[in-house]
Amino acid sequence: DGGKTWTRTLFVNDNAGAVDLDIDPKNPNVLYASMWERRRWPWDVMTRGAGSGMYKSTDGGKTW
């Protein structure tokens, strides 16, 4: 539908988001996503966390 609807398939936590997404040029079902967890408070910022990391899907992003 041209991006009108989305399904959340790679959800780590409310503080982590995808920074990069790469597709294997030889196999478009293989995806790599880098996630980065960040929290900001008025007095501090945390730029790492358990949600940060690399994730791989071999089924076009259905599972990670």
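The values are calculated or read from the model by the stated rules, or taken from the named source; none is laboratory data. Here the structure is a predicted model, which means the values were calculated and not measured. Note that we place each Cβ from the backbone using ideal geometry, even for glycine, and neighbour counts take in every protein chain shown.
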Search result, residues across segment 1-17 that are among the small types (Gly, Ala, Ser) and farther than 11 Å from Gly51 by Cβ:
Gly2, Gly3
Residue list for segment 31-51, filter: of a type in the set (Ser, Thr, Tyr) and farther than 16 Å from Thr9 by Cα:
Thr47
Residue pairs meeting the criteria (Cβ under 6 Å; at least 6 apart or on separate chains; first in contact (Cβ under 8 Å) with a residue 24 or more places away in the chain, in segment 1-16; second in a loop (DSSP other than H, G, I, E, B))
Thr9/Gly61; Leu10/Trp64; Val12/Gly51; Asn13/Gly51; Ala16/Gly51
Within segment 16-47, residues at pLDDT below 80 and either surrounded by 11 or more Cβ atoms within 10 Å (Cβ to Cβ) or part of a strand (DSSP E or B) (or both) come out as Arg38, Arg39, Arg40, Trp41, Asp44, Val45, Met46
Any pair with Cβ under 6 angstrom, 6 or more apart, that starts in segment 24-48 at a residue that is free of Cβ contacts under 8 Å to residues at least 24 places away in the same chain and under 30 Å from Lys62 (Cα atoms) and ends at one that is of a type in the set (A, V, I, L, M) and in a strand (DSSP E or B):
Ser34/Val19; Ser34/Met54; Trp36/Val19
